[in-house]
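Chemist: Quick one: the structure is below, questions incoming.
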Amino acid sequence: MQAAGPVSARRNLVELCPELSLQRQCELVRISRSGFYYEPLPESPENLALMRRLDELHLEHPVYGSRRLTALLQREGREINRKRVARLLELMGVQVVYPKRNLSQPGEGHRIYPYLLEGLEISGPDQVWCSDITYVPMAYGFMYLVAVMDWWSRYVLAWELSNSLDSEFCIRAWTAALANGRQPLISNTDQGSQFTSEAYLDAVESVGVDVSMDGRGRWIDNRFIERLWRSAKQEDIYVQDYGDGLAAQRGLARWFGDYNTVRPHQALDYATPGEWYHSPESYGAKPAAWRWK
């Protein structure tokens, strides 16, 4: 048995049972006994404000790494060093948008799948679904948001909020997307530990869907869902400044509903993603089919 992901997620796997001692369970999920008993401290209000500002700067300058982001914050009069910026970016799950040596880190010992979209013509719905995770700042904390999107139509099939970066909320989103009665030929994600976990891969492959993973230099393939995150944050999350997860859940439900069925999409000739997804025969010729190189 191997376990990967945040320590907080692995701690949840340990429970009292007569068959296995706590020490043996900790060994199986690869955390120390002290790590099991440790209760993490919440981030300070100052760090939460910095994380909110880093998220805004990342949307404006997605190619900026920790060095440039540190310089921007220092220009704003903040006393901060690069080490602190790098730690907060890691906590936020932020990935800089440019080809680099290490993309999203896979879970240790987990399977890595080939990239299947090279040269593929995507000409209709349910050929490729993609999934990604983003950081969600709130008034008194933060959460993480995952979405499952149909690549051709940009239709958001399902989404989930979580207070930890584990694979469970990604699996819930995938299962909710399948509950619509349709499924893709290919599921494409990055190589983050959430998407390389055995549980997530089993959820995808058990329904006969092929797994594709972005490899080195394939950062550009996230651009559609990155645009979704930009729209969600600028039009809703930053504006509403949700105070807790329940308020964020309700507000984002309204926003995603409008995004799918009301909000005109410039790249879709001002139709909605829902119109493209549910009526492909009416919109399939505009624009031409997407082809990935």
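The values are calculated or read from the model by the stated rules, or taken from the named source; none is laboratory data. These numbers were taken from a predicted model, which means no experiment stands behind them. So basically every Cβ, Gly included, is an ideal-geometry build from the backbone, and we count neighbours across all protein chains shown.
Chemist: Considering only region 3-118, give the helices (runs of 4 or more DSSP H) lying wholly within it that have at least 1 residues that are at pLDDT below 90 and under 21 Å from residue 167 (Cα atoms).
Modeler: Correct list: 7-11, 22-28, 33-37.
Chemist: Another question, if that's okay. Can you name every residue in region 224-273 that is under 17 Å from residue 150 (Cα atoms) and of a type in the set (S, T, N, Q)?
Modeler: Matches in region 224-273: 231, 260, 261, 266, 272.
Chemist: Residue check: is residue 159 aromatic (Phe, Trp, Tyr), farther than 19 Å from residue 115 by Cα and either touching a residue at least 60 places away in the same chain (Cβ under 8 Å) or in a strand (DSSP E or B) (or both)?
Modeler: Against the criterion (aromatic (Phe, Trp, Tyr), farther than 19 Å from residue 115 by Cα and either touching a residue at least 60 places away in the same chain (Cβ under 8 Å) or in a strand (DSSP E or B) (or both)), residue 159 qualifies.
Chemist: Which residues, counting only those in region 125-156, are assigned to a loop (DSSP other than H, G, I, E, B) and on the phi < 0 side of the Ramachandran plot?
Modeler: Correct list: 125, 127, 139, 140, 151, 152, 153, 155.
Chemist: Could you please let me know if residue 244 is more than 24 Å from residue 61 (Cα to Cα) and at pLDDT 95 or above?
Modeler: So residue 244 fails the test.
Chemist: In region 261-293, what residues are of a type in the set (A, V, I, L, M, F, W, C), closer than 17 Å to residue 122 by Cα and at pLDDT 85 or above?
Modeler: Those that are of a type in the set (A, V, I, L, M, F, W, C), closer than 17 Å to residue 122 by Cα and at pLDDT 85 or above: 267, 268, 276.
Chemist: Within region 200-216, track down each residue that is closer than 23 Å to residue 181 by Cβ and outside any loop (DSSP other than H, G, I, E, B).
Modeler: Answer for region 200-216, where residues must be closer than 23 Å to residue 181 by Cβ and outside any loop (DSSP other than H, G, I, E, B): 200, 201, 202, 203, 204, 205, 210, 211, 212.
Chemist: Among the residues of region 198-223, which ones are under 24 Å from residue 96 (Cα atoms), among the β-branched types (Val, Ile, Thr) and at pLDDT 75 or above?
Modeler: Across region 198-223, the qualifying residue is only 211.
So that you can scan it fast, the table gives a plain yes or no per residue for (1) surrounded by fewer than 18 Cβ atoms within 10 Å (Cβ to Cβ); (2) assigned by TED's automatic domain parsing to the domain that holds residue 243; (3) of a type outside the set (Val, Ile, Thr):
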{"position": "128", "(1), (2), (3)": "no, yes, no"}
{"position": "135", "(1), (2), (3)": "no, yes, yes"}
{"position": "139", "(1), (2), (3)": "yes, yes, yes"}
{"position": "167", "(1), (2), (3)": "no, yes, yes"}
{"position": "170", "(1), (2), (3)": "no, yes, yes"}
{"position": "178", "(1), (2), (3)": "no, yes, yes"}
{"position": "187", "(1), (2), (3)": "no, yes, yes"}
{"position": "192", "(1), (2), (3)": "no, yes, yes"}
{"position": "207", "(1), (2), (3)": "yes, yes, no"}
